[in-house]
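What follows is a set of notes on a single structure, which appears directly below.
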Amino acid sequence: LLVLVLLLASPRLARGAMRRRRLNGSGGGTAAAVQAWAELRDLSTDYGLPPQTSETPRHFSARLRSSGALGEPHGIDADGHIAVRSLTADFERRRYGRPPAGNDGAVVPARPASPAGNGSPAGGTSQDGSAASSAAPLILAVRTSLRAHSGPLARLRAVWLPPSTLGLWRRAAATPFHASRRTAQRTRHGVARAWLGTREALRRVRWLRRS
């Protein structure tokens, strides 16, 4: 029974461990921004909005905020939208050196970190472009908004069977099969080339004997 419980809980435990590892000490720097961005993408995947391979970070952020998964961009749902914009702006600035932009493409000044208790997520991006103490409050704001605007089954899947973790496991499990298939194909091609070479050599020997 204990093994069964651990087996059922393993996706949730693995997902939580991955989240803690990504957000541990993510106070600044390009690596921290990349880890926070990866967590945002996985959160979106867990709640049914996986990023597309052809999307830029800015397009993915806009699609997530306009999908309704975070609620309305104003009022009590504003924290999630602000957090997504802050994480996107910090990732673009750290990775590409690009300033944040609004929906119309105009440059938006970086939002200063808000004091606790005013209803805005703490740990935002300061005006000098440096990340505040941690991206964890921003991720928490996004996660809270996603949970609040999803159905019971979606919340259950995101917590106990997160698609981001299961997809990673599926790709890892399929890697040996892909490798063995490529090895078999290379072996088959090598044997075929060797046989063709041997047959050509035998033909030459026969031709020399006849001549």
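Can you give the FRET efficiency to the nearest 0.05 for residue 13 and residue 147, using r as the Cβ-Cβ distance and R₀ = 30 Å? Walk me through the numbers on the way to the answer.
Values: r = 19 Å, r/R0 = 0.62.
It comes to 0.95.
So if we plug the beta-carbon distance of residue 55 and residue 206 into 1/(1 + (r/R0)^6) with R0 = 41 Å, what FRET efficiency do we get, rounded to 0.05?
Details: r = 62 Å, r/R0 = 1.51.
Once rounded, the FRET efficiency stands at 0.10.
Ranked highest first by average number of other Cβ atoms within 10 Å, how do 153-162, 47-56 line up?
Values: 153-162: 15.4, 47-56: 13.8.
The peptides rank, most packed first, as 153-162, 47-56.
Determine the shape class of segment 9-73: with a ≥ b ≥ c the square roots of the Cα gyration tensor eigenvalues, call it rounded for a/c under 1.5, and otherwise prolate if a/b is greater than b/c, oblate otherwise. Don't jump to the answer; show the numbers that get you there.
Values: a/c = 1.96, a/b = 1.30, b/c = 1.51.
Since a/c reaches 1.5 but b/c is at least a/b, the shape of segment 9-73 is classed as oblate.
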Practice task
With a point put 7 Å past each Cα toward its Cβ, work out how far residue 156 is from residue 3 in nm, to one decimal.
Solution key: 2.6 nm
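Taking only protein heavy atoms into account and a 1.4 Å probe, give the accessible area per residue of segment 143-211 in Å².
Working: 5730 Å² over 69 residues.
Counting only protein heavy atoms, the per-residue value for segment 143-211 is 83 Å².
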Fill in the blank from the handout: Rh_Kirkwood(segment 163-210) over Cα pairs, Å, one decimal, evaluates to 13.8 Å
Exercise for the section: Order these peptides, 192-203, 136-147, by their mean beta-carbon neighbour count within 10 angstrom, highest first. Expected result: 136-147, 192-203
Handout entry: Sites residue 183 and residue 38 - FRET efficiency at Förster radius 35 Å, r taken between beta-carbons, to 0.05
Key = 0.65
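The values are calculated or read from the model by the stated rules, or taken from the named source; none is laboratory data. Given the structure is predicted, the values throughout are model-derived calculations rather than measurements. Cβ: placed from backbone, ideal geometry, glycine included. Neighbour counts: every protein chain shown. Calculation scope for accessible area: heavy atoms of the full protein, side chains included, ligands and nucleic acids excluded. Shrake-Rupley method; radii C 1.70, N 1.55, O 1.52, S 1.80 Å.
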